[in-house]
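First comes the structure, then the notes that go with it.
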Amino acid sequence: MLYLFGGTAFYNNTDNYYSDLCIYDFDTDLWTKTEILLIYPSTTQGGSAVYSNYLYYFFGWNFTNNIAVSSSSILRMNLSSSILSWEILSSNGCDLVELQRTSFGFWLDSDTFYILGGTLSNGIGNSLISIALDNLIENLSCKVVFPNQLSPQRRHGSSLVYVTGGFLMFGGIDQTKLFNDLWFYNIQTTYWEFIDASGQRPAPRFRHTTASQGNYMVVFGGVTYNNEYLQDFYYYDVLEQVWFIIETPVNSSMPQPLISSCIVIDLPFVYLIGGKEQYQITLNLWMFNINTFTFTQIFKYKPNPVYPGIFKHSCSGELVGKDFLIYTYLGSRNIVDEPFCGIYRFNLSAKIVTPEIVLRNTLDMPCRTDAAFADLGDGLVLFAGGQRFKENSFTDIWAMNITNNATYMIGTLPEGAFATAASYINATLFIFSGLTSNGISVDSPSSDYFSKFWFGKNTAISNNINCGAGMYNNQGNCVFCPAGTYSSPTSQGECMICPNGTSNILTGATSITQCIPCSYGYYSIDSSKICKPCQKDSICFIGTGTNPITSSYQDYLYDLTQENSQPDEYSPKNIYNKKLILIIVFSTIAFLFIIIFIFSLKARIFFSYYDIYKNLHFEQHSTEEGFEIPKEILNRPSKLGGFCSTITIIALLFIGINTLLSYILTNMTEDISVIPIGSLIQEYDFENIDFELEIVTSSYRGQCEKQYVLYNQSENLEISSIQVKNDDVFCKIICSFTAQELISNGESITFSFNEILSYASDAYAKLSTKSSIGSEKSIAVQNITSTTGTVFRGSSPIVFSFALLPSYYESRNVLDEENSKVGYRISESLIPIKGTETGISNIPITNGFSIKILFVRNDIGVTTYRYPSVELVDFIIKFLNDFPGTIVLIGFLMWFFEYFKNVIQGKTSGRLRLVRKQIKEEQEERRARKGVRMSRSNQILLDPN
């Protein structure tokens, strides 16, 4: 019997999924359609077998509403039953990824059903599994006989780069078939794994340029269909398995479409050297900043027979002191692959970057191009295979010491090979496929081998050999660096401890960029593999190590934000307390005098001789009888006069001191005017005004040292001193600078931190200068904190904007001495701009932490004039006028007291008696004179003679 189940049938002009069971009888040559009680969903591309009169069906596609779903189900039908129906079985022993497959090969051997290859959920597989059939149980036993070991197709012009734990291979071509697949080779399991990466996958290509660092791989250019040269740029995130296309700004400069170039990567910078453009071979050197997505051409090549352009070459980079050097090795100098037998060196730290030929021939090693290459470290490089003039390929493997140009042949390949995908780790060179003696043409078939060559025991180079990135040499054995450490290509085989504030769970990390900063609220110390929760009452910004922000540090930062200060408008000083003290002092003196005067006869007599009111006393000038009292009696000393005289002196002293105090402390007034800035600068020069700037961050994670801080400023601003201080948890920059002329709108100072871990989560800026008002300063403080989960890192700086109000001040004192100053009043102009914020995962591919201080000058200015309210001459006149009035007032009060006292006692001064007496005497005298005159007149009338 032949049993037919599932699949598709075409009728009514459509594809239909067949769910019935058809049975073919070989004896009768007839088909029979059999009804099934329990119909399984539409299925296709599975496998089936009949065992002991039971029909089994395995996996395949299930279709529901025309949506295909990969199935892991096993179906069974008892063919001996009168009513046919499916039952669903389960299995044990195999992962779901091994069961969910379609389009596989299968066969039945006795009671075991074998399944080989097929399309799995993670790609095409080649694993072999077996399922033991048993009609009596519902959970069948599954076993992986041979694990899935996929491998990429042969190819050439592909790339192979090392990342933690293995190699990434991308692209390539085999005859006319182009690839853009991505594979990972695990050097511990020795298995290939196809990576179905998401994101913007590059188009198929070969002869592209690739490099890796940490968890990232970059790809530039290459050749695609129709021999089109490419200019696109991608990077691949190893951990996230995502492709990203790098799109440069519109109209920005970038390399021409390019093939067979070479890349040195030092994230976030990627250096592109040489290569073949469509119509010329170059030696251009470009720098790409992943942070800004911009290219900068460091060296522009002009054709020169002494310094030929090259492609199909190799390159490496190393840091020597503070100089970053890039080397290129060999390569083709023309399209017929005439080899360039030399080494170029570029010093990127030089003011003008130019190539230097450090080697013009390779001595014993035959010159070649398109060779497999490895940088073994410590000046040792390796070449394997290669070709020249498109005629013959090489099988030899050579090592070269570039410090003395010595070369050593250290092995051979199984056959000549070039345009291979090659990389180095564990003292081993890995070479995949490439072109061989099968042909030199690009359309020639690629080789089928994947070879590795170990050099650990090679006597010519073993003393100098490096295990490779992510490993260290342990008594002759290459061992992966443990979690919490890393070993970069320049680490010379030493595992470096991840910085405090980071964690690294990877074994064999190859870059410090794989030391991931702790998240907000966590910290790590002593190369921890994991980050721990922050301590109570502390703040742990991203990347916190030994310096969490405790409450005392928080208080310091709070106090810093409260330091905003502006010169106050003038107001008379409050001297109430001083006057109160003055009143108390003189009241006490007067009280003590009164007490002494009352109880001391000597005092009374003493003070009576200092009577200044002798002529104001109430005096008796005559007796009751009307006789005048002699002067010597009237001028006798008066105790009351002495008392009043002393009180007068005390009062005059109080009034004098009080008046002087008021004049000195409150005798000023102030006029403030706002005028256009043009009018202000016409009258006054704003030159050489000093400022002080303090920048503080409590979360800076780089090395807080002056050598890592770059700065630039507007031409008008002259920096006199810069201090960079690592003050416990704080990184501080203290900058003193001078504005040589009036600050213009938009002038600025920018500080850039260029250390590899330069980033922060907060920043404070304090700007101060003389306000022109005396010695008072104008101070403004701003602060900013990044969004939770991000840090300040990238191309755009934090921007603190300070508004500057030009200020002129003039003062004049009571002595008519004038003083004038110019300055600025500072305030916050705009809310601080955060600049570029970067998540933790993107810190390795970004660079730079910078702070910009932007000055916004107002179009108006302020003038302040301060002068005395009362001029000195007016004060003196007023001061002197106060004394006579006081004297007269007290004298009058004394006389008034004496007068009423005598009135009460019934005494009078006697002046009226003397007046009446004098009037009477003068009247009598007048009458007497009148009588004499009349007597004389009568005598004249009576005497005719």
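Overview of results
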| quantity | calculated |
| --- | --- |
| Exposure of CYS315 as accessible area (Å², to 10), given a probe of 1.4 Å and all protein chains | 20 |
| Hypothetical label at GLU318: residues of region 393-425 whose amide nitrogen lies under 12 Å (7 Å Cα-Cβ projection) | 400-405 |
| Spatially proximal lysines relative to LYS639 (Cα-Cα < 29 Å; intrachain offsets below 8 disregarded) | LYS602, LYS614, LYS631, LYS901, LYS907 |
| Virtual paramagnetic centre 7 Å along Cα→Cβ of ILE124, amide N under 19 Å, in region 192-229 | 192-197, 204-205 |
| Neighbour net charge for PHE59 - beta-carbon separation under 14 angstrom, K R +1, D E -1 | 0 |
| Between helix 911-942 and the chain: long-axis angle, C-alpha atoms, 0 to 90°, nearest 10 | 40 |
| Region 684-868 shape via C-alpha gyration tensor axes, a/c threshold 1.5 | prolate |
| Surface accessible to a 1.4 Å probe, per residue, for the residues of the chain, Å² | 50 |
| Gain in span if fully extended, ASP568 to SER679, counting 0.36 nm per residue against the direct Cα distance | 37.6 nm |
| Selection from GLN241, VAL353, GLY275 lying farthest towards where the dipole of the chain points positive, charges on Cβ | VAL353 |
| Dimensionless Rg/Rh of region 2-146 - Kirkwood Rh, Rg from C-alpha atoms | 0.96 |
| Amide proton proximity set for ARG155, modelled H, under 5 Å, gap of 5+ | GLY434, SER447 |
| The chain, relative contact order [Cα under 8 Å, separation at least 6], % | 6 |
| Positive minus negative residues near SER796 (Lys, Arg vs Asp, Glu; Cβ under 12 Å) | +2 |
| Cα-based helix-to-principal-axis angle, 551-561 vs the chain, degrees rounded to 10 | 60 |
| Rounded FRET efficiency, nearest 0.05, which uses the C-beta distance separating ASN289 from ASP526 and R0 of 30 Å | 0.35 |
| Other-chain or far-sequence residues with amide H under 5 Å of ALA763's (modelled H) | ILE784 |
| Loop sites in region 343-430: trypsin sites (Lys or Arg not before Pro), DSSP, at most 14 other Cβ within 10 Å | LYS351, ARG360 |
| 23 Å Cα-Cα reach of LYS322 towards lysines, excluding residues that sit fewer than 8 places from it in its own chain | LYS351, LYS706, LYS725 |
| Angle between the chain longest axis and helix 872-904 axis [Cα atoms, degrees, rounded to 10] | 50 |
| Under 5 Å, built H, 5+ apart or other chain: amide partners of SER772 | TYR824 |
| Inter-label distance for LEU37 and ASP378, nm, one decimal - labels placed 7 Å from Cα along Cα-to-Cβ | 7.9 |
| DSSP-loop chymotrypsin sites (Phe, Trp or Tyr not before Pro) across region 215-279, with at most 15 other Cβ within 10 angstrom | TYR279 |
| Area of ARG857 that stays accessible when all protein chains are in place (1.4 Å probe, Å², to 10) | 50 |
| Estimated distance in nm for a label pair at ASN251 and SER935, the labels positioned 7 Å out from Cα along Cα-to-Cβ | 13.8 |
| Accessible heavy-atom area order of TYR609, TYR162, highest first, probe of 1.4 Å | TYR609, TYR162 |
| Under 13 Å from the LEU239 label point (7 Å along Cα→beta-carbon), backbone N, region 537-572 | 543 |
| Net charge over other residues, Cβ less than 13 angstrom from the Cβ of LEU283 (K, R count +1; D, E count -1) | +3 |
| Contour minus Cα-Cα distance for ILE734 and LYS706 (0.36 nm per residue) | 9.0 nm |
| Within the chain: Cβ-based charge dipole about Cα centre, in debye rounded to nearest 20 (Lys, Arg +1; Asp, Glu -1) | 4760 |
| Those lysines that a straight Cα-Cα span of less than 20 Å connects to LYS770, excepting residues fewer than 8 apart in one chain | LYS821 |
| With eigenvalues of the C-alpha gyration tensor scaled by 5 and rooted, region 486-549, Å | 25, 9, 8 |
| Spin-label pair PHE599/GLN723, simplified geometry with 7 Å Cα→Cβ offset, distance in nm | 6.3 |
| Fully extended contour minus Cα-Cα distance, from THR507 to SER110, at 0.36 nm per residue | 138.3 nm |
| Dipole of region 89-198, positive end: most advanced residue of GLY165, SER103, ASN139 [Cβ charges, Cα centre] | GLY165 |
| Carbon/sulfur fraction of accessible area - the chain, other protein chains in place, 1.4 Å, % | 53 |
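The values are calculated or read from the model by the stated rules, or taken from the named source; none is laboratory data. Since this is a predicted model, take the numbers as computed values, not measurements. Every residue, glycine as well, gets a Cβ built from its backbone with ideal geometry; the counts of neighbours run over all protein chains shown. Please note that ligands, DNA and RNA were not included when accessible areas were found on the heavy atoms of the full protein model with its side chains. Shrake-Rupley method; radii C 1.70, N 1.55, O 1.52, S 1.80 Å.
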